[in-house]
Amino acid sequence: RRLAQRIRPFMLRRTKQEVVSELPPKTEIVRGVELEGAQRDLYESIRLAMQERVRRAVANQGLARSQIVVLDALLKLRQVCCDPRLVKLDSAIEVRRSAKLEMLMELLPEMIEEGRRVLLFSQFTGMLKLIENIVREAGVDYVKLTGRTRDRATPVERFQGGEVPLFLVSLKAGGVGLNLTAADTVIHYDPWWNPAVEDQATDRAHRIGQERPVFVYRMVAENTVEERILALQQTKRSVSETALGES
C-alpha cells in the first residue's frame, strides 16, 4: 500500500478492459493432472535425490552460490511433469508414459472436432517436438513456431487463414509480437514463474480483433513443483494488483 501511494502520482494506468470494452470474455481453467505409476516414481526419486544435493550445496557454499544447483533441480522436476523423455538421466530412459501428454490428446481431438482453433504454448522446444510427433500420428494438421523458425510469417498466415486448427508455439519465441485472433483456445502445457509472460502469450488471441470468447487452459501436475509455481503466480499477481491497482 505504501508503494502504491508513492507511485500513484507518477502513473497513468488503463487496463485492457477499459480500452477495449467490447472484447469478448476470457475464461481461465486449471486442469489438474495426476502423475501415476513409473512417472510418479521417477518424480519422487529425482525429488529426493535433488533435495539432498541442494542441501549439501547450500551447506557447503551457501544459498547465493548454490543457485545453479537449485535451478537444475527445479528444471528436472518440471521436465518430469511434462514428459520423462525430456529428462537427461538414465533412470528416465525407460519411462515412456506422460500423464499430461495423454490428457492433452484427450482434449485436443475433441476441441478440434468442435471447430475450436488452438494455440498451445510450452517453454520446452523438446516438448513441442514430442507433441508434434503425436499430433501428426493422430492426423491433426498444425504449424509450429520456435526460436529456430526463420520464416515466422508463413505459419502465422496459415493459422490465421484457417488452413490448420493447431499452432504449437514456444513461449519465449511466440509469447509477444504476434496477432493470432483466429484462435479461441489457449493451452499452457507447463506453468512459468512469471504470470505476466503467460498473460502476454494468452493475449496473442485475446486482443483487438477477437470476436469469440477465449478459453485458457493451464495444465498442472498435481502434488508437484508445478502447483508451487501456480501458487507463486497468484502471489505475484496479488502484489502487482496491490501496487498498481486503485486500492
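The values are calculated or read from the model by the stated rules, or taken from the named source; none is laboratory data. Remember, it's a predicted structure, so these values are computed and weren't measured experimentally. All Cβ positions, glycine included, derive from the backbone under ideal geometry; neighbour counts span all protein chains shown. We work out accessible area using only protein heavy atoms, side chains counted, and drop any ligands, DNA or RNA first. Shrake-Rupley method; radii C 1.70, N 1.55, O 1.52, S 1.80 Å.
Scalar couplings 3J(HN,Hα) for the stretch 81-92, obtained by applying the Karplus form with A = 6.51, B = -1.76, C = 1.60 to θ = phi - 60°, are 4, 6, 5, x, 5, 6, 7, 8, 9, 4, 5, 8 Hz; x denotes Gly and Pro.
Considering only ALA64, ALA231, ALA182, the Gaussian network model of the chain with Cα springs below 10 Å gives its largest mean-square fluctuation to ALA64.
Distances between placed amide hydrogens fall under 5 Å for VAL186 paired with LEU119, PHE215, VAL216, TYR217, all partners being 5 or more residues away or on another chain.
Sequentially through the stretch 132-145, phi angles give Karplus couplings (6.51, -1.76, 1.60; θ = phi - 60°) of 4, 4, 6, 6, 5, 4, 7, x, 8, 6, 7, 10, 9, 9 Hz, Gly and Pro residues having no value and appearing as x.
Dipole size of the chain about its Cα centre, with +1 on Lys/Arg Cβ and -1 on Asp/Glu Cβ: approximately 1360 debye, rounded to the nearest 20.
Length gained on full extension, LYS88 to THR146: 18.8 nm, using 0.36 nm per residue less the C-alpha separation.
Think of the chain as a dipole: +1 on every Lys or Arg Cβ, -1 on every Asp or Glu Cβ, centred on the Cα centre; then among LEU42, ASN179, LEU232, LEU232 lies furthest on the positive end. The region of the chain that goes longest without hitting one of the GluC sites (Glu not before Pro) in a DSSP loop, each with at most 15 other Cβ atoms within 10 Å, is 37-93.
Along the axis of the charge dipole computed for the stretch 1-131 (Cβ charges of +1 for Lys and Arg, -1 for Asp and Glu, origin at the Cα centre), the listed residues VAL70, GLN123, VAL58 are led at the positive end by VAL58. Ranking MET103, MET219 from most to least accessible surface, computed with a 1.4 Å probe over the protein chains only, gives MET103, MET219. Matching the structure-derived Rg/Rh (Cα atoms, Kirkwood Rh) against the labelled list (i) 0.96; (ii) 1.05; (iii) 1.00 gives the label (iii).
Roughly speaking, what is the centre-to-centre gap between the stretch 144-187 and the stretch 11-75 when only Cα atoms are used, to the nearest Å? Centre-to-centre distance over Cα atoms comes out at 25 Å. Applying the criteria of a DSSP loop state and at most 11 other Cβ atoms within 10 Å to the trypsin sites (Lys or Arg not before Pro) of the stretch 58-140 yields LYS88, ARG96.
Couplings for the stretch 175-189, taken from phi via the Karplus curve 6.51 cos²θ - 1.76 cosθ + 1.60 with θ = phi - 60°, read x, 9, x, 10, 10, 10, 6, 5, 7, 10, 9, 10, 10, 9, 5 Hz in order; Gly and Pro are left as x.
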